[in-house]
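*Asks:* One structure, pasted below without further comment.
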Amino acid sequence: MIHAFGEAFRLDKSISGAPIKLANLELIYDETQCVLWKFLADHTTPYFSHEQLNDIRDVQRAIYDGSEIKIPNYKGGEVRYVVFGSHVPNVFSLGGDLKLFKDLIEKQDRASLQFYVKKATDAVYHHAVNSRSIVTFSLVQGDAMGGGFEAALAG
């Protein structure tokens, strides 16, 4: 389900305490509703970099395996909902790393391009489909273009 909110919408931090900050993500767990909020950090790129995709998949694997993530009050097996959004101002995601695409195409590095595309496709797929019947949402608060739009649709 896609929800679009105005730019001013921010999660009420009082429901869950301090967010956990990874290199590219902010995670907040609301134990009262069993919701894991997953945001692209405001200092990260507005497109899906390799590093963002790594963080996204690491968190997805932990959620769907029921593993622990060091978030206050988090209990992996109790997650019922995941909300994916972005704290990058005015951007949900601009999609793929176009500079990387250009560089890899110019180098004719098909294997590296396929590796990136598979990593991005896996992240989108696992936001849409999981083995634990966790309901996923996309919180769109800005531009969602290319692969960013596909990621938004996956919720």
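Laboratory data are not the source of any read-out in this text; all were calculated from the coordinates shown. None of the values given here were measured: they were computed from a predicted structure. All Cβ positions, glycine included, derive from the backbone under ideal geometry; neighbour counts span all protein chains shown.
*Asks:* What's the magnitude of the charge dipole for the chain around its Cα centre, counting Lys and Arg as +1 and Asp and Glu as -1 at the beta-carbon? Answer in Debye, nearest 20. All intermediate terms of the calculation are to be shown ahead of the outcome.
*Replies:* On the way: 16 positive and 19 negative charges, 49 e Å.
For the chain, the charge dipole is close to 240 debye.
*Asks:* Considering amide H positions built from the backbone, and no H for Pro or chain starts, which residues 5 or more places from L25, or on another chain, come under 5 Å of its amide H?
*Replies:* A41
*Asks:* Using amide H atoms built 1.01 Å from N in the peptide plane, name the residues 5+ places from G96, or on other chains, whose amide H lies under 5 Å from its own.
*Replies:* Residues meeting the criterion, in which the H sits 1.01 Å from N, are F48, G147, G148.
*Asks:* Pull out a ≥ b ≥ c, the square roots of the eigenvalues of the alpha-carbon gyration tensor of the chain, then state rounded if a/c is under 1.5, prolate if not and a/b is larger than b/c, and oblate in the remaining case. Walk me through the numbers on the way to the answer.
*Replies:* Working: a/c = 1.95, a/b = 1.52, b/c = 1.29.
It is prolate, given that a/c is not under 1.5 and a/b is the larger ratio.
*Asks:* Continuing with the same structure: By average Cβ neighbour count within 10 Å, what is the ranking of 70-77, 116-123 from highest down?
*Replies:* Numbers: 70-77: 14.2, 116-123: 16.4.
Averaged packing, sorted descending, gives the order 116-123, 70-77.
*Asks:* Rounded to whole Hz and in sequence order, give me ³J(HN,Hα) for segment 140-154 from the Karplus expression 6.51 cos²θ - 1.76 cosθ + 1.60, θ = phi - 60°, writing x for Gly and Pro.
*Replies:* Per-residue couplings from phi come out as 9, 10, x, 5, 10, 10, x, x, x, 5, 5, 5, 5, 5, 5 Hz.
*Asks:* Under 17 Å Cα-Cα from K119, which lysines qualify once same-chain neighbours fewer than 8 residues away are excluded?
*Replies:* Cα-Cα hits under 17 Å: K99.
*Asks:* Can you list residues from other chains, or at least 5 along the same chain, whose modelled amide H is less than 5 Å from the amide H of V83?
*Replies:* Sorted by chain and number, the residues that satisfy this are L36, W37, K38, F137.
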